[in-house]
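**Student:** Let me begin by handing over the structure; questions about it come next.
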Amino acid sequence: MISTPDQQAVDAAITSRRSIRAYLPQAVAREDVAQILQVAARAPSGTNTQPWKVYVLDGERKQQLSAAILAAHNDPEQARQHTEEYAYYPREWVSPFIERRRKVGWDLYALLGLTRDNKAGMAAQHGRNYEFFGAPVGLIFTIDRIMEQGSWLDYGMFLQNIMVAARARGLDTCPQAAFTQYHKIIGKELGLPDNETVVCGMALGYADSSKIENSLVTERMALEEFVKFVG
């Protein structure tokens with residue numbers, strides 16, 4: 001099959017998407033953010049329920065949320081009082097998932113020069129999540145508590161659409177489940193209604209290519225490892 005320009009553009013947007021952990025201070029126009037979210041909202045959802053809700057933060061409001069979360073995160077006693085509302089990761093790790101998890105973590109820390117005994121350095125790097133890694137725009141996603149597993153699957157397609165649409169515009173992202181631990185603080189700072197659950201956060205901006213952490217390219221399985229053609 002001969003590839004078309006449209007195919008090449010879509011493939012490039014998908015395959016160039018990476019989790020970017022350092023951003024330029026360059027602002028992102030609100031019109032661009034709005035357009036990305038409008039395009040992403042074409043994601044499919046069961047019976048067109050469209051379960052997503054997005055809070056867009058920049059400037060002082062983003063800084064206020066980051067400061068509130070970091071105040072708790074940097075205080076071990078306070079941090080222990082905050083737990084996730086849902087289990088993003090398995091409660092029991094097994095192979096091959098645990099090996100993949102460890103590899104990506106240590107690959108990142110190796111780039112940053114962080115060794116296993118540098119607990120303070122690793123904690124500081126994790127804390128950068130709550131500053132949206134310096135991105136000019138932070139997104140917080142919520143879902144109504146009444147929605148079930150199918151709607152969470154729909155939500156994942158919406159999130160992927162955002163990241164791909166961002167790449168099509170020369171922007172980068174980092175989806176961040178780390179925010180779920182501090183859902184109470186997020187709820188207070190953003191005035192979330194009681195029926196909304198925090199799904200995740202996301203950094204959005206222009207990648208700082210001079211930062212070593214942005215050189216990380218994670219591995220993917222070969223096609224034959226996860227695909228079986230039947231018939």
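The values are calculated or read from the model by the stated rules, or taken from the named source; none is laboratory data. No experiment lies behind these values; they were computed from the predicted model shown. Because the Cβ atoms are built from the backbone with ideal geometry, glycine has one as well, and the counts that use them run over all protein chains shown. SASA here: full protein model, heavy atoms, side chains in, ligands and nucleic acids out. Shrake-Rupley method; radii C 1.70, N 1.55, O 1.52, S 1.80 Å.
**Student:** Identify all residues within the stretch 65-87 that are farther than 17 Å from D144 by Cα and touching a strand residue (DSSP E or B) at 6+ places or on another chain (Cβ under 9 Å); write none if there are none. Full working, then the answer.
**Tutor:** Of the stretch 65-87, the ones farther than 17 Å from D144 by Cα are 65-83.
Of everything in the stretch 65-87, those that are farther than 17 Å from D144 by Cα and touching a strand residue (DSSP E or B) at 6+ places or on another chain (Cβ under 9 Å) turn out to be L65, S66.
**Student:** Is it the case that some residue within the stretch 5-25 is closer than 20 Å to L190 by Cβ and within 17 Å of the chain's Cα centre (by Cα)?
**Tutor:** Here is the first cut: in the stretch 5-25, the residues closer than 20 Å to L190 by Cβ are none.
Within the stretch 5-25, not a single residue is closer than 20 Å to L190 by Cβ and within 17 Å of the chain's Cα centre (by Cα).
**Student:** Here's a follow-up. Has the stretch 71-84 got any residue that is open to solvent by less than 70 Å² (accessible area, probe 1.4 Å), at pLDDT 95 or above and under 15 Å from T142 (Cβ atoms)?
**Tutor:** no
**Student:** Does L108 satisfy being in a helix (DSSP H, G or I), of a type in the set (A, V, I, L, M) and under 18 Å from R21 (Cα atoms)?
**Tutor:** In short, yes.
**Student:** Six or more apart or on different chains, Cβ atoms under 7 Å: show the pairs whose first residue is in the stretch 1-28 and in contact (Cβ under 8 Å) with a residue 24 or more places away in the chain and whose second is in a helix (DSSP H, G or I) and polar (S, T, N, Q).
**Tutor:** I20/N214; R21/N214; A22/N214
**Student:** Report the residue count in the stretch 101-115 for those that are open to solvent by 80 Å² or more (accessible area, probe 1.4 Å) and touching a residue at least 40 places away in the same chain (Cβ under 8 Å). Lay out the reasoning, then the answer.
**Tutor:** Kept after step one, since they are open to solvent by 80 Å² or more (accessible area, probe 1.4 Å), are these residues of the stretch 101-115: 101-103.
Next, from what is left, pick out any that are touching a residue at least 40 places away in the same chain (Cβ under 8 Å): 103.
Matching residues across the stretch 101-115 total 1.
**Student:** Identify the single condition in (1) at pLDDT below 95; (2) in contact with a helix residue (DSSP H, G or I) (Cβ under 6 Å, 6 or more places away or on another chain) that G231 does not satisfy, given that it satisfies every other one.
**Tutor:** The failed condition is (2).
**Student:** Answer yes or no: is there a residue in the stretch 91-103 that is small (G, A, S) and more than 26 Å from A72 (Cα to Cα). Reasoning before the result, please.
**Tutor:** Applying the first criterion (small (G, A, S)) to the stretch 91-103 yields 95.
When the remaining residues are screened for being more than 26 Å from A72 (Cα to Cα), the result is 95.
Yes, the stretch 91-103 has at least one match.
Yes/no per residue for (1) under 24 Å from S151 (Cβ atoms); (2) at pLDDT below 95:
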position: E31; (1), (2): no, no
position: P44; (1), (2): yes, no
position: S95; (1), (2): no, no
position: R116; (1), (2): no, yes
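**Student:** Now for a separate question. Taking the stretch 1-39, which residues are out of contact with any helix residue (DSSP H, G or I) (no Cβ under 7 Å at 6 or more places or on another chain) and assigned to a loop (DSSP other than H, G, I, E, B)?
**Tutor:** M1, I2, S3, T4, R18, L24, P25, Q26, A27, V28, A29
**Student:** On to the next question. Being open to solvent by less than 70 Å² (accessible area, probe 1.4 Å) and touching a residue at least 12 places away in the same chain (Cβ under 8 Å) is the filter here; which residues of the stretch 85-100 pass it?
**Tutor:** Y86
**Student:** So which residues in the stretch 14-28 are among the small types (G, A, S) and open to solvent by 70 Å² or more (accessible area, probe 1.4 Å)?
**Tutor:** We begin by selecting, within the stretch 14-28, every residue among the small types (G, A, S); these are 16, 19, 22, 27.
Listed by number, the list holds a single entry, A27.
**Student:** Being part of a loop (DSSP other than H, G, I, E, B) and β-branched (V, I, T) is the filter here; which residues of the stretch 45-95 pass it? Before the answer, list the steps.
**Tutor:** Step one: of the stretch 45-95, the residues part of a loop (DSSP other than H, G, I, E, B) are 45, 49-52, 74-75, 80-95.
T49, T83, V94 - these are the residues of the stretch 45-95 that are part of a loop (DSSP other than H, G, I, E, B) and β-branched (V, I, T).
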